[in-house]
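Structure first, commentary second.
The values are calculated or read from the model by the stated rules, or taken from the named source; none is laboratory data. Computed from a prediction, not measured in an experiment: that's the story for all the values here. In this analysis, Cβ positions are derived from the backbone assuming ideal geometry, glycine residues included, and neighbour counts consider all displayed protein chains.
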């Protein structure tokens with residue numbers, strides 16, 4: 001095939017193809033994250049969730065997308081037309097642009113930038129303009145308040161999340177996404193185990209940055225209707241939704257790359273083989289997992305109420321079986337192919353786990369009040385992150401200059417950081433208590 | 001291609017800077033200022049300076065401008081829309097601009113012999129490390145002085161804001 005394409009544009013063909021695939025497939029992925037969210041929420045609240053469209057609601061995202069596309073597109077009177085139009089577009093473009101630097105496995109990456117991580121942060125920090133300008137252009141007080149909250153929240157938590165990332169970057173010694181994963185492979189440890197506090201700070205910061213509950217004040221429905229997107233409807237609204245889920249996947253991908261070992265397989269030193277073969281047990285895991293899902297779907301199929309749904313469920317089982325076959329076949333393919341496919345599997349699995357934490361947190365914690373949010377950010381997370389960066393720096397110097405064992409410094413550093421966290425939390429509690437006492441006595445007068 | 005990219009970004013920066021000054025609506029001005037800053041970042045990238053490119057976006061566009069927009073949105077826009085934004089001193093300004101232009105022209109004319117444009121340093125394309133090396137080893141003193149200056153400014157701002165509360 002390569003002789004069909006002139007050599008001058010050959011290096012651009014694969015990245016462009018990959019980019020088109022991501023932009024094309026992502027809306028579907030976002031739709032299914034929404035479905036997973038609704039199913040999970042239903043499960044935690046002892047309901048069934050969407051069940052009507054397709055077996056177990058499996059076609060719900062597609063129905064939703066059609067509904068949103070066919071809805072009337074309302075532009076409020078007095079809105080700033082141009083900015084109202086461009087804001088959601090900006091949001092979605094910036095969110096999708098960041099995928100250019102994310103490595104999905106060793107083989108699939110659009111561009112391995114020298115400053116990859118910073119590039120992703122920069123581009124995704126531009127997405128805030130979609131929210132802020134959209135909220136302003138709607139000419140509505142609810143929207144404006146949502147936008148203001150969003151801007152304040154992002155500026156506060158971006159600092160904390162960024163400092164959380166720095167602790168991991170110090171260990172990696174590079175900003176290129178590929179080199180970060182390679183550093184974890186070389187050091188034989190995922191950085192989440194080396195700097196757990198840094199990971200925790202990034203986790204909290206990333207939930208706040210993506211405006212997810214319990215930090216979803218910009219769209220708090222009990223106070224602000226829907227916050228910055230109150231006035232948006234139909235497909236523009238869908239674009240905002242898409243941007244929100246795209247940002248979730250991006251922060252999950254950053255965390256996966258920097259803290260969870262990217263596309264690396266868990267337990268790299270675990271080499272037990274499948275009985276009777278030369279295949280490692282953990283390398284066979286993806287194939288077995290998909291096979292198990294396929295069998296489960298096949299078992300569910302006869303229980304569906306309608307014949308079409310039975311067939312559809314069987315089709316899902318078939319798709320899973322196909323994936324299992326691909327995974328199994330890649331075991332016997334050349335090493336590079338296998339690394340690519342299995343790397344993609346582990347990467348996506350880790351991203352899925354991180355997003356699962358997002359959803360889980362959303363249904364578990366009540367929403368913060370705005371002053372609580374600011375206090376948590378500025379009085380707890382940022383000081384903790386600053387101390388964490390210093391401690392990690394000291395740890396690295398200890399390892400390099402005095403050859404202290406890495407595991408020892410990691411454990412000591414983490415214990416020290418836990419102490420700092422407890423100290424900050426107690427200090428903060430006393431401060432809040434003092435403020436409340438003062439407020440009560442003030443009211444009494 | 002390189003030159004075309006440069007002219008594209010430069011033109012974008014200049015045009016959006018002009019638009020930023022002339023817009024009546026202050027939010028539109030902010031949007032054009034963002035465009036101008038992004039175009040400047042583009043020029044950095046075209047010079048293969050990846051780190052300044054990213055820092056320009058993160059700091060100026062992603063941080064400072066967000067705060068700008070934040071403040072702007074709190075301002076009552078209806079009032080500013082009706083204000084007269086340009087005062088009527090056209091002739092004075094034209095005169096001053098002419099004087100400045102002549103000064104520049106003379107300066108360039110006199111110094112044209114020594115006017116050889118610096119070639120960009122022959123750097124490898126991935127130069128983030130070199131950047132950090134220069135900043136933290138060779139120019140550590142100016143760097144620290146600048147950071148202390150910023151710290152002083154920050155504390156000063158906090159003190160002045162606190163007094164009025």
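Miscellaneous remarks
- Which listed residue, of A:175, A:163, is in a loop (DSSP other than H, G, I, E, B), in contact (Cβ under 8 Å) with a residue 24 or more places away in the chain and buried (at least 21 other Cβ atoms within 10 Å of the Cβ): A:175
- Meets criteria (modelled with pLDDT of 85 or more, in a helix (DSSP H, G or I) and either touching a strand residue (DSSP E or B) at 6+ places or on another chain (Cβ under 7 Å) or within 30 Å of residue A:121 (Cβ to Cβ) (or both)) for residue B:30: no
- Flag for residue A:183 being over 27 Å from residue A:377 (Cα atoms) and more than 14 Å from chain B (Cβ to nearest Cβ): yes
- Against the list (1) within 11 Å of another protein chain (Cβ to nearest Cβ); (2) within 20 Å of residue A:101 (Cβ to Cβ); (3) touching a helix residue (DSSP H, G or I) at 6+ places or on another chain (Cβ under 9 Å), the condition residue B:48 fails is (3).
- The single condition among (1) more than 21 Å from residue A:371 (Cβ to Cβ); (2) at pLDDT below 80; (3) more than 18 Å from the chain's Cα centre (by Cα) that residue A:181 does not meet is (3).
- The number of residues in the range A:325-364 that are at pLDDT 80 or above, touching a helix residue (DSSP H, G or I) at 6+ places or on another chain (Cβ under 7 Å) and within 14 Å of residue A:285 (Cβ to Cβ) comes to 2.
- Cβ pairs under 6 Å, 6+ apart, first in the range B:126-148 and touching a residue at least 60 places away in the same chain (Cβ under 8 Å), second surrounded by 12 or more Cβ atoms within 10 Å (Cβ to Cβ): B:126/A:114; B:128/A:114; B:128/A:115; B:128/B:51; B:131/B:51
- Test: residue in the range A:106-122 that is under 28 Å from residue A:372 (Cα atoms) and surrounded by 19 or more Cβ atoms within 10 Å (Cβ to Cβ): yes
- The single condition from (1) away from chain B (no Cβ under 14 Å); (2) modelled with pLDDT under 75; (3) touching a helix residue (DSSP H, G or I) at 6+ places or on another chain (Cβ under 8 Å) that residue A:188 fails is (3).
- Filtering the range B:64-76 to residues that are surrounded by fewer than 21 Cβ atoms within 10 Å (Cβ to Cβ) and either outside any helix (DSSP H, G or I) or within 7 Å of chain A (Cβ to nearest Cβ) (or both) leaves B:67, B:70, B:73, B:75, B:76.
- Applying the condition of being under 19 Å from residue A:30 (Cα atoms) and touching a helix residue (DSSP H, G or I) at 6+ places or on another chain (Cβ under 9 Å) to the range A:41-50 and asking which residue is modelled with the highest pLDDT yields A:41.
- Within the range A:125-144, the set of residues being within 11 Å of another protein chain (Cβ to nearest Cβ), surrounded by fewer than 24 Cβ atoms within 10 Å (Cβ to Cβ) and more than 26 Å from the chain's Cα centre (by Cα) comprises A:139, A:144.
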